[in-house]
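Structure first, commentary second.
Readers should treat all values here as calculations from the given coordinates under stated rules, not as data from a laboratory. Because the structure is predicted, anything quoted here is derived from the model rather than measured. Every residue, glycine as well, gets a Cβ built from its backbone with ideal geometry; the counts of neighbours run over all protein chains shown.
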Amino acid sequence: MKKTEMITIQTFCTYHGVEDSLIYRLEEVGLINVYEIEEQKYLEEDKLSELERLVRIYKDLGLSPEGIDVVVQLLEKIDRLQQENNYLLQKIRRLDQ
């Protein structure tokens, strides 16, 4: 099994200029996972790009974690609808041939 690399919440927050309370609130909403190892709080490095996306939404739109959750759900739904639309367009093109 591959070892998961971790980064401390403090390191992430310092680099991105956010309070650690934001991270804990995002965890409460279910958007991220926080891990405790030897009394230190960590984030998985392979999930950082998604967390950075959440922080951008937070900073750019000034939303609460609950608002961020709604935006994420809407973006995921848009993505699913676009995929479905592309699939249906391909089917239509095949029928037209």
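In plain terms, the chain from V71 to N85 could stretch by 3.0 nm, reckoned as 0.36 nm per residue minus the Cα-Cα distance. Pairs of lysines in region 6-96 whose Cα atoms sit within less than 26 Å of one another amount to 5, provided the residues are eight or more positions apart or on different chains.
Restricting region 1-57 to GluC sites (Glu not before Pro) that sit in a DSSP loop and have at most 12 other Cβ atoms within 10 Å of their own Cβ leaves E5, E19, E38, E39. Normalised by 2.2 N^0.38 Å, with N the number of residues, the alpha-carbon radius of gyration of region 6-96 equals 1.44.
For the chain, the 222 nm mean residue ellipticity estimated from helices alone, with every DSSP H stretch of n ≥ 4 adding -39500 (n - 2.57) and the total spread over all residues, rounds to -22000 deg cm²/dmol.
Placing a pseudo-label 7 Å from each Cα along the Cα-to-Cβ vector at S64 and E36 gives an inter-label distance of 2.5 nm. Taking a sphere under 14 Å around the Cβ of I57 and counting the other residues whose Cβ falls inside, with K and R at +1 and D and E at -1, yields a net charge of -2.
Database remark: amide H of K41 closer than 5 angstrom to the amide H of I9 (H placed geometrically; neighbours at sequence offset of 5 or more, or on other chains; Pro and chain starts carry no H).
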